[in-house]
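Reading through the structure tokens given below for one structure.
The values are calculated or read from the model by the stated rules, or taken from the named source; none is laboratory data. Small disclaimer: the values here were computed from a predicted structure and weren't measured. Glycine gets a Cβ as well: all are built from the backbone with ideal geometry, and neighbour counts include every protein chain shown.
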Amino acid sequence: MIRSHGPRLLLVSNGHGEDLSGAYLGQALIRLGAHAVAFPLVGHGEAYRQLDIPKEAVATRSFPTHGMGYQSLGGILQELCNGQTIDGLRQSIAAARFARHYDAVVAVGDVVPVVVARLSRRPTFCYLVAYSSHYEGRLTLPWPCGPSLRSKRFLGVFSRDRFTAADLSTQLGRRVEFLGNPFLDAVGVSAAPLPSLYHPRVGLLPGSRLPEALNNLALMLTMLAHLPRRLNGSSLGLAAALVKEITVDHLATVAAQQGWRLQRHRSRGPGAAALELAHGSMGVELYWGRFADVLHGSQLLVAMAGTATEQAVGLAKPILQMPGAGPQFTSRFAEAQQRLLGPSVFCGMGPPGSVANAKDTARLLMVLLRDGDVPTICLHTAHERIGRRGGSQAMAQAILGSLN
């Protein structure tokens, strides 16, 4: 990656998904000649490390909720008990202090990095990835977000969708731009396509945080047991995108509890999974570190995730949600995400974790795979709610153009 002596920018983000967007935006800024440094307020900022974006040398801690806003009461109490709230305050104060040594601040997330940027008294750009007018029809910004964004120190404000850009432009009395979402650039292409043994193929996104992701996977396996083994004469392909924290031992335990078995994949070939979860003649291929490949290779995604679901919608994929026990992916989170992402997101009926929900989700999955109108609906939704690829580059150009 090219380093330069261009403007020094501090990227301040406050969550797992926000770090991902910040990292791709930082990468684009560096390629255009800027010197970008990250300051993740929550967790270790793994996304920045993966893209070789330098971070300020401060101590960081990782927490189970990763700064999620829509979560269960238990998740909120967990934040208080494990010190996440206090740690977030400490990190925010440190970020504001460090920011004073930079030419500008790029706030990525919600009100927290916005306040950090304002306290720094530096020129600021803000990407409000955490807020959307699609939730309620009109966005109500938490105090002091509105007054901060009206400040002349905020040289550019970017929204996550067109509707929000229009709404905030009216509310704030200033131009708010929608240039796309950097998190979509993380899954723009498939590096290693999945083997085309099945059509259709359904992808499983159980999430990234343990132990919740394992509980989510267990709910998905229960639902899958209600599916027919074949669809219109073809075998139904199933592929799960797993994070590295989910181990073989974890999977063996979940499989045993759900009446499945963990075994070597029955059909080996180029790009095929090494392992699968099997239930009778049904098999779920297991892929670690191949999230984008699973997204591109699937006709439909069963999702219990946040940013990952948004990325799938951006690729014009239909989403079938299964609310769980949380702390992140609860009924409240799923319902909010349906409002955010629109008509390409579906959810079965019945209480979370119930047999009724599993059966109705399986029924809905088969309906969606057969509905010929779904691809057109999803393509329109992708363009309106997420935008096209290239958001990182477009936003970086706008930021540097305002500084010149």
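What residue, of 251, 236, is at pLDDT 95 or above, touching a helix residue (DSSP H, G or I) at 6+ places or on another chain (Cβ under 9 Å) and buried (at least 17 other Cβ atoms within 10 Å of the Cβ)? 251 is the lone residue from the list that is at pLDDT 95 or above, touching a helix residue (DSSP H, G or I) at 6+ places or on another chain (Cβ under 9 Å) and buried (at least 17 other Cβ atoms within 10 Å of the Cβ).
Please work out if residue 205 is of a type in the set (A, V, I, L, M, F, W, C) and either surrounded by fewer than 22 Cβ atoms within 10 Å (Cβ to Cβ) or over 19 Å from residue 319 (Cβ atoms) (or both).
Details: of a type in the set (A, V, I, L, M, F, W, C): yes; either surrounded by fewer than 22 Cβ atoms within 10 Å (Cβ to Cβ) or over 19 Å from residue 319 (Cβ atoms) (or both): no.
No; evaluated as a whole, the condition is false for this residue.
If you go through region 344-362 and keep only what is of a type outside the set (S, T, N, Q) and either surrounded by 14 or more Cβ atoms within 10 Å (Cβ to Cβ) or touching a strand residue (DSSP E or B) at 6+ places or on another chain (Cβ under 6 Å) (or both), you end up with 345, 346, 347, 348, 350, 352, 353, 358, 359, 360, 362. Checking 227, 217, 286 one by one, the residue that is aliphatic (A, V, I, L, M), in a strand (DSSP E or B) and either surrounded by fewer than 18 Cβ atoms within 10 Å (Cβ to Cβ) or in contact (Cβ under 8 Å) with a residue 12 or more places away in the chain (or both) is 286 and no other. Restrict the check to region 356-371 and report whether at least one residue is under 17 Å from residue 216 (Cα atoms), free of Cβ contacts under 8 Å to residues at least 12 places away in the same chain and of a type outside the set (Lys, Arg). Scanning region 356-371, I find at least one residue that is under 17 Å from residue 216 (Cα atoms), free of Cβ contacts under 8 Å to residues at least 12 places away in the same chain and of a type outside the set (Lys, Arg), so the answer is yes. Quick one: what pairs do we get from region 390-403, first residue farther than 11 Å from residue 106 by Cβ, second of a type in the set (Asp, Glu) and in a helix (DSSP H, G or I), C-beta under 6 Å, 6+ apart or different chains? Qualifying pairs under 6 Å: 392/185. Exactly one residue among 251, 205, 236, 194 is assigned by TED's automatic domain parsing to the domain that holds residue 348 and over 25 Å from residue 327 (Cα atoms), and that residue is 236.
Scanning region 130-140 for residues that are out of contact with any Pro (no Cβ under 8 Å at 6 or more places or on another chain) and over 22 Å from residue 165 (Cα atoms) turns up nothing. Exactly one residue out of 118, 138 is charged (D, E, K, R), assigned by TED's automatic domain parsing to the domain that holds residue 14 and in a loop (DSSP other than H, G, I, E, B): that is 138.
Looking at the structure I just gave you, is residue 389 outside any loop (DSSP other than H, G, I, E, B), under 24 Å from the mean Cα position of the chain (by Cα) and closer than 19 Å to residue 311 by Cα?
On the way: outside any loop (DSSP other than H, G, I, E, B): no; under 24 Å from the mean Cα position of the chain (by Cα): yes; closer than 19 Å to residue 311 by Cα: yes.
No: the conditions fail for residue 389.
No other residue among 256, 241 is touching a strand residue (DSSP E or B) at 6+ places or on another chain (Cβ under 8 Å) and either in the same structural domain as residue 316 (by TED's automatic domain parsing) or within 26 Å of residue 364 (Cβ to Cβ) (or both) apart from 241.
Being out of contact with any Gly (no Cβ under 8 Å at 6 or more places or on another chain), outside any helix (DSSP H, G or I) and over 30 Å from residue 8 (Cα atoms) is a property that residue 366 lacks. Is there a residue in region 193-202 that is outside any helix (DSSP H, G or I), at pLDDT below 95 and either within 18 Å of the chain's Cα centre (by Cα) or among the aliphatic types (A, V, I, L, M) (or both)? Within region 193-202, one or more residues are outside any helix (DSSP H, G or I), at pLDDT below 95 and either within 18 Å of the chain's Cα centre (by Cα) or among the aliphatic types (A, V, I, L, M) (or both).
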